[in-house]
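K.L.:
Got a structure for you, written out below as structure tokens; questions coming shortly.
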Amino acid sequence: MQADFILKGHVLSFHSSPFEEDPTAASQTCEAVAIGKGKVVALGSADELQAANPQAQIVDYGDHLICAGFVDAHVHFPQTAMIASWGKRLIDWLNSYTFPEEMRFSDPVYAAEIANRYLDLTTSHGTTSVCSFATIHPESVDALFTAAQARGQRIVTGKTCMDRNAPDGLCDSAHSAYDDSKRLLEKWHGVDRLEYAITPRFSPTSTPEQMEALGALWAEHPEVLMQTHLSEQTDEIEWVLSLYPDARDYLDTYEKFGLLGGRGLYGHAIHLEERERDRLREHGAALVHCPTSNTFIGSGLFDMAGLMAQGQRIGLATDTGGGSSFSMLRTMAAAYEIGQLRGTPLHASQLIWLATQGSATALRMDDRIGNIAPGMEADIVVLDLSSTPAIAQRSQRAADLWEALFPTIMMGDDRAVAEVWIGGKRSV
Ligand code: GUN
Ligand code: ZN
């Protein structure tokens, strides 16, 4: 295939997981990447790629790092406008800030405004794919898919289902949750780059009847993802066990209704029992680490090292707006800090892998996004590793790529994002 563009800089690509071997040996850099028809065509030296693609336009990024666009594996786009709301723990925070804001998404005009604002913000932070909860309103799903489709983005979302323990205006029923989810799934799943996820918010806001209906829908459509929350806070776990007295543990409230599987995504997963860990791993289910949210809402310290060593599938996410940032750089920094508090700091290579291929693997999309390799979709972020004076004075002293990148992970923000390519097109 002929390339349309050749991007020059330091192109980072992974050939294995930095959690399975020496973190510095899992990747390599090269001088340029050729992209065409929305895909990565080839990697190599600029001369080589130019000779093979004489018509391609060259975009020279100098010393910048060119890596796969960030993949945010768990967000709530409807919480964009109430991010950074002060001072509550999970259940109070949901009741005081989240549910009143989510009520507004019955209005398709408001839903479209926030969907576009959210994608503007995340793109400017280098995020090219997200897996988002919507609200209970089908309009909110239509809004995010419509905005993402216009931008050519690979996006996952689904109607959030809740039929108890939420305000009246935010409750559906077992029946309507099944019907609306099925209709939206059939309308959107597989259209362009869009994918549907069956989305029970979490066990406390679904009756057993609703869980059963959504488990049945997943059994009818095993090709789609299923996303929810698991074991975020200890008092939440107690509440879940009181609502489901027969359950062995929190995970069992999903498992017994057919809501545990290899295409399942379980946000937070901090306070897990041994049985839950075993079952999640046996199914190849994905855990999604949301570090800025876990510190912001005071949830606890995710056991990245222990869970990775057990062979769990793990993605990284902002959890906007429980998370306090739209930035996957900030999210990597928080994951590093949580690792430090547990005595198991993550290497820069592991952090950038989690934010790209790790999340893509969690979403079962690592054959399409999350890495720069021939045949992959050309979702790319170009990072300026000297974006502020404070970062520049540190990175200029770096002995290698990882030392040059780490200050941007710890201190960088949207100023570090020099350019974003989505599906082979420069985003504006
Ligand atoms: N648990 C159930 N809903 C939510 C949510 O919106 N945010 C977070 N952080 N946890 C949840
Ligand atoms: Zn969440």
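K.L.:
Return only the number of the condition from (1) within 14 Å of ligand 2 (Cβ to nearest atom); (2) farther than 19 Å from G69 by Cβ; (3) not β-branched (V, I, T) that G311 does not satisfy.
P.N.:
All conditions pass for G311, except number (1).
K.L.:
For the range 203-223, what are the residues that are within 22 Å of D367 (Cβ to Cβ) and surrounded by 21 or more Cβ atoms within 10 Å (Cβ to Cβ)?
P.N.:
W218
K.L.:
Of all residues in the range 319-333, count the ones that are surrounded by fewer than 24 Cβ atoms within 10 Å (Cβ to Cβ) and either modelled with pLDDT under 95 or assigned to a helix (DSSP H, G or I) (or both).
P.N.:
Final tally of qualifying residues: 2.
K.L.:
Report whether or not S140 is assigned to a helix (DSSP H, G or I) and within 16 Å of ligand 1 (Cβ to nearest atom).
P.N.:
yes
K.L.:
Output the residue which, of all residues in the range 95-113 that are crowded, with 22+ Cβ neighbours inside 10 Å and without any contact (Cβ under 8 Å) to a residue 40 or more places away in the chain, is nearest to ligand 1 (Cβ to nearest atom).
P.N.:
F105
K.L.:
Residue under question is W421, and the condition is that it be of a type in the set (F, W, Y), assigned to a helix (DSSP H, G or I) and buried (at least 16 other Cβ atoms within 10 Å of the Cβ); does it hold?
P.N.:
no
K.L.:
Moving on to the next point. Output the number of the condition that S85 fails; it satisfies all remaining conditions of (1) more than 30 Å from R415 (Cβ to Cβ); (2) away from ligand 2 (no atom under 13 Å from the Cβ).
P.N.:
The failed condition is (1).
K.L.:
Do we have I91 as touching an Asp or Glu at 6+ places or on another chain (Cβ under 8 Å), at pLDDT 95 or above, within 16 Å of ligand 2 (Cβ to nearest atom) and among the β-branched types (V, I, T) here?
P.N.:
So I91 fails the test.
K.L.:
Something else: If you take the residues in the range 348-407 that are basic (K, R) and farther than 17 Å from A333 by Cα, which one is surrounded by the fewest Cβ atoms within 10 Å (Cβ to Cβ)?
P.N.:
Looking at the filtered set, the residue picked out is R397.
K.L.:
Next up: Just checking, how many residues over the range 123-135 are within 11 Å of the chain's Cα centre (by Cα) and under 19 Å from N371 (Cβ atoms)?
P.N.:
5
K.L.:
Another question, then. Given the conditions (1) closer than 26 Å to S427 by Cα; (2) without any contact (Cβ under 8 Å) to a residue 24 or more places away in the chain; (3) in the same structural domain as V156 (by TED's automatic domain parsing), which single one is not true for I352?
P.N.:
Every listed condition holds for I352 apart from (2).
K.L.:
Give the residue that is surrounded by the most Cβ atoms within 10 Å (Cβ to Cβ), with candidates limited to residues of the range 260-282 that are over 20 Å from the mean Cα position of the chain (by Cα) and within 16 Å of ligand 1 (Cβ to nearest atom).
P.N.:
So the residue we want is L272.
K.L.:
Can P200 be described as surrounded by fewer than 24 Cβ atoms within 10 Å (Cβ to Cβ) and either farther than 22 Å from Y118 by Cβ or not aromatic (F, W, Y) (or both)?
P.N.:
no
K.L.:
Within the set of pairs 6+ apart or on separate chains, which have a first residue in the range 220-249 that is more than 21 Å from I297 (Cβ to Cβ), a second that is modelled with pLDDT of 95 or more and among the hydroxyl-bearing types (S, T, Y), and C-beta atoms under 7 Å apart?
P.N.:
V224/Y196; Y244/S203; Y244/T253; A247/T253
K.L.:
Among residues belonging to the range 43-92 that are small (G, A, S) and within 26 Å of the chain's Cα centre (by Cα), point out the one that is surrounded by the fewest Cβ atoms within 10 Å (Cβ to Cβ).
P.N.:
Residue satisfying both the conditions and the ranking: G87.
K.L.:
Do we have I391 as in contact with a Leu (Cβ under 8 Å, 6 or more places away or on another chain), within 23 Å of D4 (Cβ to Cβ) and of a type in the set (V, I, T) here?
P.N.:
no
K.L.:
If you don't mind, there's one more thing I want to ask. Inside the range 331-341, can you point out the residues that are within 17 Å of S129 (Cα to Cα) and more than 16 Å from ligand 1 (Cβ to nearest atom)?
P.N.:
Once the filter is applied, which keeps residues that are within 17 Å of S129 (Cα to Cα) and more than 16 Å from ligand 1 (Cβ to nearest atom), the range 331-341 yields only M332.
K.L.:
Scan the range 303-328 and report the pairs whose first residue is assigned by TED's automatic domain parsing to the domain that holds R275 and whose second residue is basic (K, R) and surrounded by fewer than 24 Cβ atoms within 10 Å (Cβ to Cβ), with Cβ atoms within less than 7 Å and a gap of 6+ or a chain change.
P.N.:
Here the result reads D303/R342; A305/R342; Q310/R277; Q310/R281; G311/R281; Q312/R281, each pair linking the range 303-328 to a residue that is basic (K, R) and surrounded by fewer than 24 Cβ atoms within 10 Å (Cβ to Cβ).
K.L.:
Enumerate the strands (runs of 3 or more DSSP E) found wholly within the range 25-119, keeping only those where 1 or more residues are under 27 Å from P291 (Cβ atoms).
P.N.:
Output list reads 27-36, 57-68, 70-76.
K.L.:
Residues in the range 201-229 that are within 16 Å of ligand 2 (Cβ to nearest atom) and out of contact with any Gly (no Cβ under 6 Å at 6 or more places or on another chain): how many?
P.N.:
Residues that pass the stated criteria total 9.
K.L.:
Give the residue, chosen from S387, S359, that is under 24 Å from S129 (Cβ atoms) and outside any helix (DSSP H, G or I).
P.N.:
Only one candidate passes the filter, namely S387.
The values are calculated or read from the model by the stated rules, or taken from the named source; none is laboratory data. Since the model is a prediction, treat every value here as computed from it, not as a measurement. So basically every Cβ, Gly included, is an ideal-geometry build from the backbone, and we count neighbours across all protein chains shown.
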